[in-house]
């Protein structure tokens, strides 16, 4: 922990220079040392033994604050002292905020937001003037679409385990996928699905992140087409897209990606097989009724029409066969994108259906890959399928027929392993290291712990496939997330209940309330599973999250070299070096080369003519962790976050005459307010700038 | 706490209807009751007495997590159980995020973000299609400026005390002011300063919120004018604007607002007098050197040039005299805005200067109004001024001369009450209920507690005007905030250190790190003032905050009536009522009248022709707290947050043919995914929509 000391000394020396405060070096150092001492004892903590008077003080505080013993235990399990790091990072979708949120566990502190689909000015994301690469990447057919409905974050995996390298996140509203590099926690790529306007089941990765799976949702005319609702069965379709990921480039490889046409059922969540089920992935569906609503015409609304049948279809997809069909060219181009059509999938044995009760949301594969757990939100059970039985049924052609698009439907009893009655509104299932599964129950407002069978039966004392315990949550839980709970080796210990309504849990924040992320301690077995923390989420409506062990992340503390371009992840030849600063002009094109360092920009004055096209390049010379500068020009809608070592470029037309202060927007030093300069935009000859004070005419 | 029960029953009945799950009513109710029981015992907590085995469990947890005794105490002081509400709300600027953040104290949980200067899609803020009122209000001279650098939030006051009605927030980058109504926590108005591009000292209110004060910062040509830096002294000026606030309308009354011309020193923070100093306000300044930088030309950079002199000028402004001068028409119009020019201010005795050391940031008035505390960041002291001495010096014309703009300068020794040596980099001062002041020390990375004199001397055991204690913080504190710490009656108890650098305090989040809001327990006297919580702020770089007792807020839990327009804060005659739903057309103008209720929209299909101008009006029929719906149309950049009772309108040109699903973006019920419909945009005759699957050609 010497960076701040170095910083303090550096800033202090500056002060010495400009202000002659001689004592400051000593004092700054002293404060830092005191800080280290304060936590120093902490770092190698001696075993605590509470003395009677300490117990008395603790009891006094508890009684003043009306805390009970459970509360004190929960506090001790979650409180994380100054300087102590969390054990896990929860990467959560930000719902309609369009972003991703990183939360530390067990402290449940929001560590950072990562801008993905919505311009975000603190990070300078989408505020780089005209031709900003973020704003360009967010356009759909030329239209700016500057938000997303982020749903399912997916951490990159190696052999079915999180490797901490990349994070993928889907945008349900606009069927887009974002790629985040976890070295600098920065969004590197956004791809738009060429087949459908909106989706749902994204993102899910195959066990080695060969592909990122994007499932659809509402039936649509593939390729953004039009057809009246009367032609639903004929012209509307579902789809699932397999985006090829290039790990070395850290980008989706669009040219080697493809999709599968599916019937116009509403495909929902997906999960990739692993171990025993490696090579498959599974997609839920609902509204196999193909209801088209129309309550305004006296038809039953979608909510009722889509819920009539007792069974929907679990989609079982052999993705290696699909990959082979794609490589063999057995595709049709739709809106310029290769699609394996339904008849091909049937002919090649790529796609099979298994009946699943009833309007399911989640399908979740057990860590060993042997079982698929389907939670049918209108059925009080979860239904467990066996991959061996599925393989055998496919081999033995145990079909009860096919759906009206010709997809073979496997015999339910031939593929079912078990059904476990849990309660009302099962949605999503996660796993731990003790042979338990955890399923969210929306209508019960509860988390159910239940016992797995097969090779897991020996890991817990209970009978296999039985409900063990339900813990109430507040309120209406959607998804849940256990520590590494969807990998081949879950950690147990912690589980997040993503409670969708908070109602009375927190101070009212107007008619719009936060969600409630509740932390459950699942370290014990049996019926012990308390809620130990409530975290309000008042920044969006997160839909789904994943929790990774923090030590798997290899985060950069600063950029590797001064002049680094985060977009290319390498040194940028255009990055101005110290000594190269200045302003040059070719015709009406002005190039500004600038450096930034505590506490000034070079140059401090930039003079241009009204209408000039300005390219403004800035390198920060800082190399100390946390020595971030900002750069903004008022009224020009420009703000950058220039992190240690970073190079940034801004382009704009200086179309507004006047004198515009620019300044550093990050409090970087004691002389931060003095870190500024002026952009002087000289009015075209013959006319004055707006306003102006004539001090002589008084 | 019966809303969720009602919700559960309502949803459940629906499920019963569509799915016949008979048990559900009972189970839903049971879960809710269990939830109440769980916290029920909690609500009327019996005094805790820790049994030996409980102490043992607690000690075991502490040792497993390496917590020391101080940590356990801090945990008990801050942990806030499920359903327990915080005692205070911290309203914090969001810095370059452009937003405001509300944080509960002592739990230090981020309760909600409030969108102000940056479009935010979760709240549907700026995503209402074309002609969106938010996007319109964010334009500056026709240019969209969709971010802000929010600096100083100001709660509305009555008799110098927070009244919990409104919150004002300034945008430094673009010199704008936002007005938030704390009934629904919604931004109602944004005003742009007509004189300057950027500012700093906003917002501060007079004791009864007659005016909202916006101070400037960097010298500029008033009215967005142009002048070369060589003309700095002649043509550049500072300013302070007094925005008249109309409490009944809840809006800034621009027509009755005015500004004062000031010398081109860099005005900084302001504070309004109260009690003894009522009728005055005080503004700091730095760079009275009028340095113009130019390091690129070999001049000293701004940071050095602006720091040469030992004294800057405290601006003492008699705002009632200023108001009289404005009403008497003694103003000049600049860019259409009335400005009291410097010579008038001098002639009318509106403006006086007092010398202040040295590049100060904060000027803060004691609760009794008798003392102004100036923190000069390049001076190890805080300097205390007496309002009695200031008034006497003005009456007795104890001037040492005037500055080069003719403003009389009061004799420093005649107005100074005391100077207190605290340490390096004093920035900002707050007060408690025990006669102490608290000053942030940026370079020391510490919070200083010091003793006040005068009538406060009897409230504490220490000598007056003495440093009492310094608590180290991590790291580089900017502003600080005590509970109601700038009102006439501070609460003491809690203090926030807005530490600007976090460095090693949290898990690294890439090169961009969060700030660190540290909670200090200031309930004790003397040298006891521990840090009890570290909160990472990874959503922006907050600059300043205010902490209000939660019970002062009269927040609406839902909108007062169904069909409420938050913009006008009344029922909207255009709000579609149940039974009025439908689609009508006049030429190419289409009007959609829609209602929303769990779990469907009416109508579910909307068919328009390519190029139609669509006006889409939605009323939610929900009245239960937290029953919020969203409404989005993919690829059209539209998303709304429709809170219980709310009416919203969207306008757009249907310029993209195709079939667009719209859906509810808030997880509102078990059948939330079924709450959707289709916008069918029929292609112009003669051309097909993009893409499309020809299912016959296979």
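One decimal, nm, shortest first: give the distances between the label point of residue A:320 and those of the same position in the other copies, each label point 7 Å from Cα along Cα→Cβ.
Nearest to farthest, the other copies are at 8.8 nm.
Determine by what factor the alpha-carbon radius of gyration of region A:299-338 differs from 2.2 N^0.38 Å, reporting the quotient. Walk me through the intermediate numbers first.
Values: Rg = 17.1 Å, N = 40, 2.2 N^0.38 = 8.9 Å.
Compactness ratio reported: 1.91.
Over its Cα atoms, what ratio of radius of gyration to 2.2 N^0.38 Å does region B:479-591 give? The partial results should precede the final answer.
Working: Rg = 23.7 Å, N = 113, 2.2 N^0.38 = 13.3 Å.
For region B:479-591, the normalised Cα radius of gyration is 1.79.
Measuring from centroid to centroid over Cα atoms, what is the spacing of region A:526-602 and region B:54-70 in Å?
After rounding, the separation between the Cα centres reads 38 Å.
Quickly rank B:103-110, A:610-617 as a protection proxy: mean count of other C-beta atoms within 10 Å, highest first.
Going from most to least packed, we get B:103-110, A:610-617.
Express in whole angstrom the spacing between the alpha-carbon centres of region A:434-490 and region B:221-299.
61 Å
Calculate how large, on average over all directions, the projected area of the Cα convex hull of region B:73-154 is; give the answer in nm² to one decimal.
Averaged projected hull area, Cα only: 7.1 nm².
If contacts are Cα pairs under 8 angstrom and at least 6 residues apart, what is the relative contact order of region B:560-698 in percent? Walk me through the intermediate numbers first.
On the way: 323 pairs, mean separation 34.1, N = 139.
The normalised contact order for region B:560-698 reaches 25 percent.
Output needed for region B:210-322: three equivalent-ellipsoid semi-axes, defined as square roots of 5 times the C-alpha gyration tensor eigenvalues, in descending order, whole Å. Numbers along the way, then the final one.
On the way: eigenvalues 186, 59, 20 Å².
Its equivalent ellipsoid spans semi-axes of 31, 17, 10 Å.
Per residue, how big is the convex hull around the C-alpha atoms of region A:355-444? Give it to me in cubic angstrom, could you?
Working: hull volume 8.3 nm³, N = 90.
So the per-residue hull volume is 92 Å³.
Is the shape of region A:357-407 rounded, prolate or oblate, going by the alpha carbon gyration tensor and its root eigenvalues a ≥ b ≥ c, with a/c under 1.5 for rounded and a/b larger than b/c for prolate?
Since a/c reaches 1.5 but b/c is at least a/b, the shape of region A:357-407 is classed as oblate.
Which chain A residue puts its Cβ closest to the axis that rotates A onto B, and at what distance in whole Å?
Here the nearest residue and distance are A:75, 2.
Counting only other chains, what is the mean number of Cβ atoms within 10 angstrom of the Cβ of each residue in peptide B:266-272?
Per residue, the average neighbour count from other chains is 1.
On average, how many beta carbons from a partner chain sit within 10 Å of the beta carbon of a residue in A:628-635?
So the per-residue partner count for this stretch is 6.
Got a sec? How would B:168, B:326 order by Cβ neighbour count within 10 Å, fewest to most? Let's see the in-between values first.
Numbers: B:168 25, B:326 22.
Placing the least packed residue first, the sequence is B:326, B:168.
Where does each of B:496, B:633 land when they are ranked from fewest to most other beta-carbon atoms within 10 angstrom?
Values: B:496 30, B:633 26.
With the sparsest Cβ surroundings first, the list reads B:633, B:496.
Can you list the residues of region B:355-382 with backbone N under 12 Å from a point 7 Å past the Cα of residue B:421, pointing along Cα to Cβ?
Zone members listed by number: B:380-382.
More than 19 Å apart: what percent of Cα pairs in region B:275-372 qualify? Working shown, then result.
Numbers: 2695 of 4753 pairs.
Tail of P(r) above 19 Å: 57 percent of Cα pairs.
Can you give the relative contact order of region B:121-278 as a percent, counting alpha carbon pairs under 8 Å and 6+ residues apart?
Relative contact order for region B:121-278 comes out at 17 percent.
Based on C-alpha coordinates, I'd like the Rg and Dmax of region A:410-557, in Å.
Over region A:410-557's Cα set, Rg and Dmax evaluate to 16.4, 54 Å.
Label-to-label distances across copies for residue B:254, with labels 7 Å out along Cα→Cβ, in nm, shortest first?
The answer, with the shortest distance listed first, is 4.3 nm.
Grab the alpha carbons of region A:564-682, take their convex hull, and tell me the volume per residue in Å³.
97 Å³
Residues of A:216-223, mean number of Cβ from any other protein chain within 10 Å of their own Cβ, rounded to a whole number?
5
Specify the angular offset, from 0 to 90 degrees and rounded to the nearest 10, of the alpha carbon long axis of helix B:69-78 from the longest principal axis of the alpha carbons in chain B.
Between helix and principal axis, roughly 60 degrees.
Please give the helix A:24-43 orientation as an angle from the longest Cα principal axis of chain A, in degrees from 0 to 90, rounded to the nearest 10.
Long axis of A:24-43 versus the principal axis of chain A: about 20 degrees.
I need the semi-axes of the equivalent ellipsoid of chain A: take the C-alpha gyration tensor, multiply each eigenvalue by 5, square-root it, list largest first in whole angstrom.
Each semi-axis is √(5λ); the values are 49, 36, 22 Å.
Using a label point 7 angstrom from Cα along Cα-to-C-beta, what distances in nm, from shortest up, separate residue A:615 from the other copies?
4.7
Quick one: Cα centre-to-centre distance for region B:365-391 and region B:117-169, in angstrom?
Rounded to whole Å, the Cα centres lie 32 Å apart.
Using alpha-carbon pairs under 8 Å, 6+ residues apart, how would you state the relative contact order of chain B in percent?
9 percent
Under 1.5 on a/c is rounded, so check that first for region B:108-250, then, if it is not, pick prolate when a/b is larger than b/c and oblate when it is not; a ≥ b ≥ c are the square roots of the alpha carbon gyration tensor eigenvalues.
Oblate, because a/c is 1.5 or more while a/b does not exceed b/c.
Using the Kirkwood formula on the Cα atoms of the protein assembly as shown, what hydrodynamic radius do you get, in angstrom to one decimal?
Evaluated on the protein assembly as shown, it is 32.5 Å.
With n ≥ 4 as the cut-off for DSSP H runs, can you work out [θ] at 222 nm for chain B, using -39500 (n - 2.57) per run divided by the number of residues, rounded to the nearest 500?
On the way: 11 runs with 101 residues, N = 698.
It lands at -4000 deg cm²/dmol.
We did not get these values from a lab; they are worked out from the coordinates using the rules stated. From a predicted model like this one, the values you see are computed outputs, not experimental measurements. Cβ: placed from backbone, ideal geometry, glycine included. Neighbour counts: every protein chain shown.
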